[in-house]
Amino acid sequence: MTNQREHEGKVALVLGGSRGIGAAIVERLAADGAKVAFTYASSADQAAALAARVASSGGEAAAFRADSADVADVESAFDLTLERFGRLDIVVVNAGILRLGTIDQISIEDFDRIVAVNIRGVFAALRKAATVLGKGGRILTIGSNIVDRVGFPGAGLYAMTKAAVATLVKGAAIDLASRGITVNNIQPGPIATDMTKEHVDFILPNVPLGRMGQPQEIAGLTSYLARDEAAFATGASLTMDGGYSV
Ligand SMILES: NC(=O)c1ccc[n+]([C@@H]2O[C@H](COP(=O)([O-])OP(=O)(O)OC[C@H]3O[C@@H](n4cnc5c(N)ncnc54)[C@H](OP(=O)(O)O)[C@@H]3O)[C@@H](O)[C@H]2O)c1
């Protein structure tokens, strides 16, 4: 159900919201009544189009350029959100990149870049979120089901970064529990986005449900975990992957 306006009066920040899963999360949280700030690194046109789409549906969204590999950028996205909307209730850390290559071939440059965005960027966001959110605050990260099953050659480095996120979420959940802030990690399986479009033929035979997931399906779970009724979930990694990792 999308029309219950569950997040009316709340403000959300989606890090990495211009395309794919992040964009679907922006649209869903806005449809559920939240005012939504989101970041992008390079897709300025898509970010502007998304903000306009939300506005034309009666919602409010603001796009800020912020590279998740840059801690100052990440922190200023929080400050800009507070300046613009006056409060912050929900933080979704979605920004992530994929680098594939077998252990004997993948480069140190790939290692540095993916760790900077997928681990360091997530850490910077959680650290800042912890200083800004109050009781009832929600932090959600987007990990990957590949933590549960590294099913193909060349995926080890990416899987390592998502395993780091799943573990960091457990620690942050314990650290913030006494303040009534929950921290959870969503682990999508293969979702139809720019990230996977070149790999669909390879992926599909491994998905028991026989199809790619849709970004809106991950957005629905994200919206649910941000609700008041999900308050007892914390430190969890929840997989939605069409049975891929079963
Ligand atoms: N698609 C899947 O099958 C799948 C499965 C499991 C997990 N995931 C995870 O889900 C998340 C979203 O994936 P997706 O498939 O939607 O990817 P995508 O289509 O490639 O979109 C990635 C989004 O993250 C943003 N982003 C990337 N690097 C950034 C950076 N350094 N700073 C700020 N924003 C950045 C991009 O913005 P710009 O365009 O402006 O760079 C874009 O909005 C990622 O964390 C990914 O690892 C995806």
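Here are the numbers:
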read-out: Among Gly101, Gly59, Gly180, residue whose mean-square fluctuation peaks in a GNM of the chain (springs only between Cα atoms under 10 Å); value: Gly101
read-out: Helix-derived mean residue ellipticity, 222 nm - over the chain, DSSP H n ≥ 4, -39500 (n - 2.57), to 500; value: -12000 deg cm²/dmol
read-out: Listed pairs Lys35/Lys170; Lys10/Lys128; Lys10/Lys135; Lys10/Lys197; Lys128/Lys197; Lys170/Lys197 exceeding 24 Å between Cα atoms; value: Lys35/Lys170; Lys10/Lys197; Lys128/Lys197; Lys170/Lys197
read-out: Highest-MSF residue in the chain out of Thr167, Thr141, Thr81 [GNM, Cα springs under 10 Å]; value: Thr167
read-out: More than 22 Å apart - percent of Cα-Cα pairs taken over region 112-195; value: 29
read-out: Taking the chain and dividing mean pair separation by its residue count, relative contact order in percent (alpha carbons under 8 Å, at least six apart); value: 20
read-out: Descending semi-axes in whole angstrom, ellipsoid equivalent of region 11-240, from the Cα gyration tensor; value: 26, 20, 18
read-out: From the C-alpha gyration tensor of region 38-121, square roots of 5λ in Å; value: 30, 15, 10
read-out: Cα-only Debye scattering, region 135-236: base-10 log of I(q)/I(0) at q = 0.11, 0.17 Å⁻¹; value: -0.39, -0.83
read-out: Qualifying trypsin sites (Lys or Arg not before Pro) for region 132-232 [loop in DSSP, other Cβ within 10 Å: at most 16]; value: Lys135, Arg149, Arg211, Arg227
read-out: Degrees between helix 44-56 axis and first principal axis of the chain (Cα, 0 to 90, nearest 10); value: 50
read-out: Shape metrics for region 204-246, restricted to C-alpha atoms - Rg then Dmax, Å; value: 12.5, 38
read-out: Percent RCO, i.e. relative contact order, over region 117-204, from Cα pairs under 8 Å lying at least 6 residues apart; value: 37
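None of the figures in this text is laboratory data; all of them are computed from the coordinates on show. Here the structure is a predicted model, which means the values were calculated and not measured. Note that we place each Cβ from the backbone using ideal geometry, even for glycine, and neighbour counts take in every protein chain shown.
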